[in-house]
1. Could you compute the net charge surrounding Asp13? Neighbours are other residues with a C-beta less than 14 Å from the C-beta of Asp13; K and R count +1, D and E count -1.
2. Pull out a ≥ b ≥ c, the square roots of the eigenvalues of the alpha-carbon gyration tensor of the chain, then state rounded if a/c is under 1.5, prolate if not and a/b is larger than b/c, and oblate in the remaining case.
3. Taking the Cα centre as origin and putting +1 on Lys and Arg beta-carbons and -1 on Asp and Glu beta-carbons, what dipole magnitude results for the chain, to the nearest 20 debye?
4. At a threshold of 8 angstrom on Cα-Cα distance, excluding pairs fewer than six apart, so keeping six or more, what relative contact order does the chain reach in percent?
5. Give me the 1.4 Å probe accessible area per residue for the chain, excluding ligands and nucleic acids, in Å².
6. Quick one: Karplus J couplings for the range 80-86, per residue in order, coefficients 6.51, -1.76, 1.60, θ = phi - 60°, nearest Hz, x for Gly and Pro?
7. What does the charge count around Ile37 come to, taking other residues whose C-beta lies under 13 Å from its C-beta (Lys +1, Arg +1, Asp -1, Glu -1)?
8. Summarise the accessible area of the chain (1.4 Å probe, protein heavy atoms) by the percent that is carbon and sulfur.
Amino acid sequence: MTTDQPGEIKPGDIYEDCSFHPVLCTYINDGDEIGGISLIDASSPRACSLSGCGVIKLSIADVIVARADWPAYQARRKEELAAEQDPTTA
C-alpha cells in the first residue's frame, strides 16, 4: 500500500499526481499548482492542484515499485483510491 509521506512537498521531492505517476517536483506556483517530470515516462510538465487533486508525497520505495510494473501499480492505486472513497469497503 502506498502511504503519503510526512511533510510539505517542495521542489526536489517526489509526489504522485492525479494519474498516479510518480513525479519529480520541479516547481510550486502560487502555493497550489505543483508540477514536475514523470518518473515513469519522462512526460512534462505534469501539473496538479495541491488543494484539488489528492497529490501525495512518495518514497523512493514507491517509485521503485511503480517502475517495476507500471500497469499493476496504476491498477492497485486506482483500487486503493476507490476503497478510500467508499466507506462500505472498510
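1. Details: positive: Lys10, Arg46, Lys57; negative: Asp4, Glu8, Glu16, Asp17, Asp62.
In short, -2.
2. Details: a/c = 1.85, a/b = 1.29, b/c = 1.44.
The shape class here is oblate.
3. Values: 7 positive and 15 negative charges, 51 e Å.
Roughly 240 debye, rounded to the nearest 20.
4. Details: 138 pairs, mean separation 23.1, N = 90.
RCO, the chain: 26 percent.
5. Numbers: 5270 Å² over 90 residues.
Using a 1.4 Å probe on heavy atoms only, each residue of the chain averages 59 Å².
6. 3J(HN,Hα) across the range 80-86, in whole Hz: 4, 5, 4, 5, 5, 8, 10.
7. -2
8. Working: 2920 of 5270 Å².
It is 55 percent, rounded to a whole number.
The values are calculated or read from the model by the stated rules, or taken from the named source; none is laboratory data. Keep in mind that this is a model prediction, so the values were computed, not measured. Cβ: placed from backbone, ideal geometry, glycine included. Neighbour counts: every protein chain shown. The accessibility values were calculated without ligands, DNA or RNA, using every heavy atom of the protein model including side chains. Shrake-Rupley method; radii C 1.70, N 1.55, O 1.52, S 1.80 Å.
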